[in-house]
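What follows is a short report on a single structure.
The values are calculated or read from the model by the stated rules, or taken from the named source; none is laboratory data. What you see is a predicted model; the values in this text were computed from it and never measured. Counting neighbours? That spans all protein chains shown, and the Cβs are built from the backbone with ideal geometry, glycine included. Surface areas here come from the heavy atoms of the whole protein model, side chains and all, with no ligands, DNA or RNA. Shrake-Rupley method; radii C 1.70, N 1.55, O 1.52, S 1.80 Å.
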Amino acid sequence: MTAHPESHGTSPTLPAGGPPGIIAVLGSGTMGQGIAQVAVQSGYRVRLYDAAIHRAGEARTSILAQLDKLVGKGKLAPIARDRALEGLIPASDVREACAGCNVVIEAAPEDMALKVALFREALDAAPNALFGSNTSSLSLTELGAKAGAPDRIIGLHFFNPPPLMELLEVVRGIGTSDETLSHALDLARHLGKTPIVVRDSPGFATSRLGVLLGAEAIRMLETGVASAVDIDRGMELGYRHPMGPLKLTDLVGLDVRLAILEHLHKELGEQFRPPALLRTMVRAGKLGKKTGEGFYVWLDGVAHAK
């Protein structure tokens, strides 16, 4: 595809020869932290922004803890940890985070208006950057059009936890240019990820399949087919999934899964109707690992059967 006539700025650029460059990560929740960690370990400097200013600093502390664990296991040299931390800088606002960046990755909650607002501000601050959204279900075509840069914005859907998961789902909107796609694929390789290219459609490829499996597992639990542990064990041992669908839902967040299912139910139909049990648990505040309880009880980051 050619660049859209309403393009905001010039074509995205990455440093010659790859990293080090500067990546702005907008959002310091679970995914933002993981993406930032991947980037600094890959040699990039990272500016981490969150609307709640204290969260970016807390995220840096959390990333340090993860890097320390890697050092303790002999998987990361102390000097590499120190170099990564030197390159990880909390930012107080979007413009500070994005100024002079080569890449901007948005990892905010699944809210179209919020993501559009972030990209509009970032586009002014980083006119030559590659702009990626970590959305797992929202339309990249709509996001690019509303932000005013349909050719410049692409989906960069990382998987949880980003430092461990090899896949990067690269989602191309209707207006995304060939050059933007090429830069996104280069970035994926620099970050040590294996990319797949997916056309913009509700749920893309991975969310569409993943949440459908998770929803059916919840329905099975709801109707007493088997326990959460045995449902998960069936998929882990019978289908070689590294993690069962219920434990994965706990890790992602029950509220996140519910939001994706509601969106896909609206867009694609009844097969994505959220299970009643999922709605009940979200209302009860049992959101998974981040609240300490979901389909499992989580103690010190480890899942235990209820």
_Count - residues of region 32-54 that are open to solvent by 40 Å² or more (accessible area, probe 1.4 Å), outside any loop (DSSP other than H, G, I, E, B) and either at pLDDT 90 or above or under 16 Å from residue 101 (Cα atoms) (or both)_ = 4
*Please name all residue pairs, on different chains or six or more residues apart, with Cβ atoms under 9 Å, provided the first residue is in region 267-294 and is among the β-branched types (Val, Ile, Thr) and the second residue is part of a helix (DSSP H, G or I).*
282/254; 282/255; 282/257; 282/258; 291/254
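Of the residues 145, 99, 125, which single one is more than 20 Å from the chain's Cα centre (by Cα), open to solvent by less than 30 Å² (accessible area, probe 1.4 Å) and farther than 20 Å from residue 162 by Cβ? Please lay out each step first, then the result.
Values: 145 fails: open to solvent by less than 30 Å² (accessible area, probe 1.4 Å); 99 fails: open to solvent by less than 30 Å² (accessible area, probe 1.4 Å).
Only one candidate passes the filter, namely 125.
If you check residue 178 against the conditions, is it surrounded by fewer than 22 Cβ atoms within 10 Å (Cβ to Cβ), more than 30 Å from residue 288 (Cβ to Cβ), modelled with pLDDT of 95 or more and of a type outside the set (Ser, Thr, Tyr)? Can you show your working first?
On the way: surrounded by fewer than 22 Cβ atoms within 10 Å (Cβ to Cβ): yes; more than 30 Å from residue 288 (Cβ to Cβ): yes; modelled with pLDDT of 95 or more: yes; of a type outside the set (Ser, Thr, Tyr): yes.
Taking the combined requirement at face value, the residue satisfies it.
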*How many residues are of a type in the set (Gly, Ala, Ser) and touching a residue at least 24 places away in the same chain (Cβ under 8 Å) if we restrict to region 52-72?*
4
_Wholly enclosed strands (runs of 3 or more DSSP E) of region 73-177 bearing at least 2 residues touching a residue at least 40 places away in the same chain (Cβ under 8 Å)_ = 88-91, 103-106, 130-133, 153-157
